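Laboratory data are not the source of any read-out in this text; all were calculated from the coordinates shown. As the structure is a computational prediction, the values presented were derived from the model and not from experiment. Here the Cβ is made from the backbone with ideal geometry for all residues, glycine too, and neighbour counts use every protein chain on show.
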């Protein structure tokens, strides 16, 4: 609800219309399916907002701002070679990029990101297994993206994987889904120079991340890297993948055995 209100204010929606839309959004919440993840259910309020505004992508301006901010921050960060000098450093850089999320109220400025790069550690069993598997042979890798802006922090890791001979496919949302990355965001970040771009299916503000045909497609890859809490919440019990995220809510942090705000790289084996 906070996000819906903030977006309407950002778009200059008058108070009378804001009130009417908020009533519609509240009513729409009756459709929440508790068998689905919070990430999947997010489409209910935001789809109601988009239809009420007759705006298919209410977050377009937010995504553009996040891309510009991330681009500028990354240009500064890359001047310090130690942030890109190893696979571990590149994995940490990609993970720290997960902070570029419109939802959680956290700092996203250059100083804070550099502080995280200097002082954060990667929790979980993922990196050791990730490095081992990459060293065995050239792999066909699916990389499931998360937010606009964050794509800039993914690009150095994707570039290195491609340079090492791995065939990377970078998945973005097919249609608008809050502030998540789409094809134009990935291309703007330069991802297309190092990876094929494919789509996570979205139809009428329904996310088909767990759809059988999409999961079957992912099983054709020898490795899946899934960025962000939403992908972990939605796929963690059905897809064997490496999940790279910042734990942004207490329940997720508890399920991973970490503290709120920790960076996590974990392997889930479900296939």
> Length gain on complete extension for the stretch residue 14 to residue 136, per 0.36 nm per residue less the alpha carbon to alpha carbon distance?
Replying inline: 38.1 nm
> How large is the helix-only mean residue ellipticity at 222 nm for the chain, computed as the sum of -39500 (n - 2.57) over DSSP H runs with n ≥ 4, divided by its residue count, in deg cm²/dmol to the nearest 500?
Replying inline: -14000 deg cm²/dmol
> Just 171, 152, 214 to compare: in a GNM of the chain, with alpha carbon springs under 10 Å, which one fluctuates most?
Replying inline: 214
> Mean 1/r over all different Cα pairs, inverted: what Kirkwood radius does the range 214-264 give, in Å?
Replying inline: 11.4
>> Running a GNM on the chain with Cα contacts under 10 Å, which residue among 49, 251, 215 ends up with the highest mean-square fluctuation?
In response: 251
>> Just to be sure I understand: of the beta bridges DSSP finds with both ends in the range 61-268, what percent are antiparallel, rounded to 5?
In response: 30
>> As I understand it, the value is the acute angle between the Cα axis of helix 150-163 and the longest principal axis of the Cα atoms of the chain; what does it come to in degrees, rounded to 10?
In response: 30
>> I need the shape label for the range 1-70. Rule: rounded when a/c is under 1.5, else prolate if a/b > b/c, else oblate, with a, b, c from the alpha carbon gyration tensor.
In response: oblate
>> Let me check I have the definition right: for the range 61-268, take the eigenvalues of the Cα gyration tensor, multiply each by 5, take square roots. What are those semi-axes in whole Å, largest first?
In response: 22, 20, 19
>> At a 10 Å Cβ-Cβ cut-off, how would you order 22, 74, fewest neighbours first?
In response: 22, 74
>> Once you place label points 7 Å from the Cα toward the Cβ at residue 208 and residue 65, how far apart are they in nm?
In response: 3.3
>> Need the full-extension length gain, residue 112 to residue 5, defined as separation in residues times 0.36 nm minus the C-alpha distance. One decimal, nm.
In response: 35.9 nm
